[in-house]
Amino acid sequence: MGLVLLILALMASGAACDRYHPERTVSETATLRNAAEANAQYWINDAQAGIERRLRFTPRASDNHARNVVMFMGDGMSVPTLAAARTLLGQRRGQTGEEAQLSFEQFPTVGLSKTYCVSSQVADSSCSATAYLCGVKANQGTLGVSAAVPRHNCTASLETANRVQSIAEWALADGRDAGIVTTTRMTHASPAGVYAKVANRHWESDADVTSAGHDITLCPDIAHQLIHLPPGNQMKVLLAGGRREFIPTSTVDEEGFSGRRTDGRNLIEEWQSDKRARNVTYNYVWNRSQLMDVFNSPPEYLLGLFESNHMQYNLEADPTTEPTLAELTEVAIRSLSRNDRGFFLFVEGGRIDHAHHDNYPHLALDETLAMNEAVARATELLDEKDSLIVVTADHAHVMSFNGYSPRGQDILGTNNDLDLDGVPYMTLSYTNGPGRRAQRADGVRVDVTQDANFRALRWRTHVNVPLEEETHGGDDVAVFARGPHHEMFSGLYEQSHIPHRMAYAACIGPGLHACSAAHSLRGSLLAAMPLLALALHTLLGHS
């Protein structure tokens, strides 16, 4: 019996392995040099001070507050990714490409955020999610908890003082609705940052928690938290991949894949039972056809899980069965817009990151363009007078946009140059990853244009350092904003400032609010300053 349990544990552990984000030990055990950073209040105070500084230099552009907030997050959408994606967009339209603009690049405000985490110089998607959703920087690999929680430490994650709230929770507390849309598993790091409090991002199902030696009654897995604990069980719209984390190993899903849960529980059925008990309307959907059936009149609660694992890449998906990110976004907005008080919606283009990890630039850029279409759809549906839209990334990647090609050179092709040995190289390449070719005996680089699958969707461009997967980058990432108080997002700031600035514009959560008496007084004083100066000048002139 003990051998059987061991085998099951090993199987669960192997199935849980996220090949895009394997656990590492170096940055997770970094020494905390500033002990204050372990306290959530340190980051909250820092964000509030940042708002105060911004207000001193920013004229009050609007008396409105944001009734609705939509946050688009391109996972791994670095600045070079934006530049290359807009070029690809233009070239698909028959232009030279460089002059094109993504929909959100036309937003009135752009800023930069610093993405490092407390324990790591280069962020992963969980500590960064805690920053841009909860307003607190944390340790790599943790979600919804402060840096007082080391990765894997179940006990520390149970301490109330170590748990932090997301902007979705602030919206729900204000009587607004909330939802999540992502192309990854619903339990993956970025979307889980909206609702989960967990010491390890990989604890997506009970199998992951038990194989790590922890009690699931003390530290429930991420899928369980979504279905049974607030704020997850209060979310009106949940659209993603990842069915496998919600169904038991004994169950085969609609597309023939087995679940991963070893507790025998079917959380999809439990979600449906909960909604019946609440006497609310609900639908569970798993394909595009079912989603389109509720497109014009969504139920009060909508759960859509469209793949066993992550959703398919946009360029490889079957459009008859798998909805686009733009379609998912529109359904979510249509559903959430029925609340007169407003809503918070998190939308992630999650597979930009996965394509970069595999050194697939074509797929990464197309996923960026799929998110671009989703943003464009949101701007069509929502009035900028009362809806704030923020577009950003969680971290960068190490794809470079290089060489001296003439205007209009194929962004996915070779550079208009050769290396010192006369070998061509690609305009888009990576500093590390699985695309490294074996070195030739004479030291000359391999000519990758001679690969049998050159330029195929899953052809890997060349890299310098060989790794099983390409790494994230430590660059700052762009933040674009449109809507009430969009000007708050200009400048360079910590990533943990982002949710506080969204909350400021929406008048929710802790701290300063755009519609608070303090801000109104400050705005009045700023507006009166020219008149006061003129009066003083006149008085002195007559004395």
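Could you tell me whether any residue of region 186-206 is buried (at least 24 other Cβ atoms within 10 Å of the Cβ), at pLDDT 95 or above, of a type in the set (Phe, Trp, Tyr) and under 23 Å from Ser335 (Cα atoms)?
yes
Give me the residue from region 488-529 that is surrounded by fewer than 15 Cβ atoms within 10 Å (Cβ to Cβ) and closer than 22 Å to Ser128 by Cβ and, out of that set, modelled with the lowest pLDDT.
Of everything passing the filter in region 488-529, Pro510 is modelled with the lowest pLDDT.
Specify which of the listed residues (Leu539, Leu457, Leu532) is at pLDDT 90 or above, over 22 Å from the mean Cα position of the chain (by Cα) and on the phi < 0 side of the Ramachandran plot. Give the steps one after another, and end with the answer.
Working: Leu539 fails: at pLDDT 90 or above; Leu532 fails: at pLDDT 90 or above.
Exactly one of Leu539, Leu457, Leu532 is at pLDDT 90 or above, over 22 Å from the mean Cα position of the chain (by Cα) and on the phi < 0 side of the Ramachandran plot, namely Leu457.
Could you say whether any residue in region 326-342 is over 30 Å from Ala505 (Cβ atoms) and not small (Gly, Ala, Ser)? Break it down stepwise before answering.
Initial filter on region 326-342 (over 30 Å from Ala505 (Cβ atoms)): none.
Scanning region 326-342 turns up no residue that is over 30 Å from Ala505 (Cβ atoms) and not small (Gly, Ala, Ser).
I need a count of the residues in region 278-311 that are under 27 Å from Ala207 (Cβ atoms) and either among the acidic types (Asp, Glu) or out of contact with any strand residue (DSSP E or B) (no Cβ under 7 Å at 6 or more places or on another chain) (or both).
Total meeting the criteria: 3.
Yes or no: region 303-321 includes at least one residue that is buried (at least 19 other Cβ atoms within 10 Å of the Cβ) and part of a helix (DSSP H, G or I). Explain how you work it out, then say what you get.
Initial filter on region 303-321 (buried (at least 19 other Cβ atoms within 10 Å of the Cβ)): 303-308, 310-311, 313-314.
With the extra rule that they be part of a helix (DSSP H, G or I), the set shrinks to none.
For region 303-321, residues buried (at least 19 other Cβ atoms within 10 Å of the Cβ) and part of a helix (DSSP H, G or I): absent.
Pick from region 322-359 the residues that are within 22 Å of Phe246 (Cβ to Cβ) and part of a loop (DSSP other than H, G, I, E, B): which of them is nearest to the chain's Cα centre (by Cα)?
Looking at the filtered set, the residue picked out is Gly350.
Only residues that are in contact (Cβ under 8 Å) with a residue 24 or more places away in the chain, over 23 Å from Ile222 (Cα atoms) and acidic (Asp, Glu): list them for region 87-133, please.
The answer is Glu98, Glu105.
Identify, please: which residue in region 460-497 is polar (S, T, N, Q) and in a loop (DSSP other than H, G, I, E, B) and is, among those, farthest from the chain's Cα centre (by Cα)?
Our first condition is that a residue be polar (S, T, N, Q); within region 460-497, this holds for 461, 464, 471, 490, 495-496.
Next, from what is left, pick out any that are in a loop (DSSP other than H, G, I, E, B): 461, 471, 490.
Working: Thr461: 25, Thr471: 17, Ser490: 20 Å.
Of everything passing the filter in region 460-497, Thr461 is farthest from the chain's Cα centre (by Cα).
Can you pull out every residue in region 237-258 that is crowded, with 24+ Cβ neighbours inside 10 Å and touching a helix residue (DSSP H, G or I) at 6+ places or on another chain (Cβ under 6 Å)?
Keep residues of region 237-258 that are crowded, with 24+ Cβ neighbours inside 10 Å, which gives 237-247.
Passing the criteria: Val237, Leu239, Glu245, Phe246.
How many of the residues making up region 241-254 are of a type outside the set (A, V, I, L, M, F, W, C), out of contact with any Phe, Trp or Tyr (no Cβ under 8 Å at 6 or more places or on another chain) and part of a loop (DSSP other than H, G, I, E, B)?
Within region 241-254, the first condition is being of a type outside the set (A, V, I, L, M, F, W, C), and the residues that meet it are 241-245, 248-251, 253-254.
Going one step further and asking which of them are out of contact with any Phe, Trp or Tyr (no Cβ under 8 Å at 6 or more places or on another chain), we end up with 242, 245, 248-251.
Okay, now just the ones that are also part of a loop (DSSP other than H, G, I, E, B), so 242, 249-251.
Of the residues in that region, 4 qualify.
The values are calculated or read from the model by the stated rules, or taken from the named source; none is laboratory data. Keep in mind that this is a model prediction, so the values were computed, not measured. Cβ atoms come from the backbone with ideal geometry, glycine included; neighbour counts cover every protein chain shown.
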